[in-house]
Ligand code: ADP
Ligand code: MG
């Protein structure tokens, strides 16, 4: 299967007055079309940096990116593929209604056609937010707000979804259900998604495959396919399977070894 996105030997360091901070070291992986990939790693290891590189917001110092096997010229990612980004905070504007919020990306891209408006209306119906379209974000629950943020992301017809710890601001119980709900909605569209999380359970429950990054500068230290014999929409059922426990124990061991490894001088 040809990959939608490939990274080959990507390295990156931040440079400022205090010197150099190496963030990514020789990262290579493929993301097949339609895959839901999770990337986990210690806090501060370079996860958000990696997403910024994929989104074309940062340019790798060395290494290459490919979209459907075609090299992505430096800084050209946004012109070659449409990227939807979801962040930790939902970034809904409080003074805009839900409808006005979800069409924001279309407005900014001057793409507010009748066809796109119809698409957004359909998404609002599919995601059970149609009745709330004239409400302000403050009138919605955390889960509904994340669904609104997802509609805003989906409205631009992204080829690739980048999710940077999008559930971290939710309390743990809400988080279980909201993350399963959002992942189900993404899967049902067949979109390719890369989810950054520091939560192992979340990675296993939601993703087809998990990549584990080392401490900074991040390199890929483990790659694990996740095959679960359970309905992923039911997070507790997933957690009660033997497959889940095997995956969790393995990832736990990899990350524990990484964290207790001797720090380079
Ligand atoms: P993560 O998302 O895994 O927590 P980041 O990718 O945000 O990590 O950051 C990786 C490392 O790079 C951190 O040590 C962070 O302090 C550093 N860093 C991030 N952004 C900058 C920047 N603009 N300038 C210098 N260092 C940065
Ligand atoms: Mg981060």
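Structure summary
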{"quantity": "Hey, residue 99 out of contact with any helix residue (DSSP H, G or I) (no Cβ under 7 Å at 6 or more places or on another chain), touching a residue at least 24 places away in the same chain (Cβ under 8 Å) and surrounded by 17 or more Cβ atoms within 10 Å (Cβ to Cβ) or not", "calculated": "yes"}
{"quantity": "Search result, residues across the range 88-98 that are part of a loop (DSSP other than H, G, I, E, B) and more than 16 Å from ligand 1 (Cβ to nearest atom)", "calculated": "90, 91, 92, 93, 94, 95, 96, 97"}
{"quantity": "Which numbered condition residue 85 misses (of (1) within 16 Å of ligand 1 (Cβ to nearest atom); (2) closer than 27 Å to residue 123 by Cβ; (3) in a loop (DSSP other than H, G, I, E, B))", "calculated": "(3)"}
{"quantity": "Residue that is surrounded by 14 or more Cβ atoms within 10 Å (Cβ to Cβ) and closer than 25 Å to residue 194 by Cα, where the choices are 87, 108, 112", "calculated": "87"}
{"quantity": "Pair list, Cβ < 7 Å and 6+ apart or interchain, from the range 9-24 residues that are over 22 Å from residue 65 (Cα atoms) to residues that are part of a strand (DSSP E or B) and near ligand 1 (Cβ under 10 Å from one of its atoms)", "calculated": "20/13"}
{"quantity": "Single residue of 19, 56 found to be more than 22 Å from residue 225 (Cβ to Cβ), more than 16 Å from ligand 2 (Cβ to nearest atom) and surrounded by 17 or more Cβ atoms within 10 Å (Cβ to Cβ)", "calculated": "56"}
{"quantity": "Per-region count, the range 187-214, residues touching a helix residue (DSSP H, G or I) at 6+ places or on another chain (Cβ under 6 Å) and in a helix (DSSP H, G or I)", "calculated": "5"}
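Matching residues to (1) over 19 Å from the mean Cα position of the chain (by Cα); (2) modelled with pLDDT of 95 or more:
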| position | (1), (2) |
| --- | --- |
| 187 | no, no |
| 192 | no, yes |
| 199 | no, no |
| 205 | no, no |
| 210 | no, yes |
| 213 | no, yes |
| 228 | yes, no |
| 231 | yes, no |
| 234 | yes, no |
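The values are calculated or read from the model by the stated rules, or taken from the named source; none is laboratory data. Because the structure is predicted, anything quoted here is derived from the model rather than measured. Methodologically, a virtual Cβ is constructed for each residue, glycine included, from the backbone with ideal geometry; neighbour enumeration extends over all protein chains shown.
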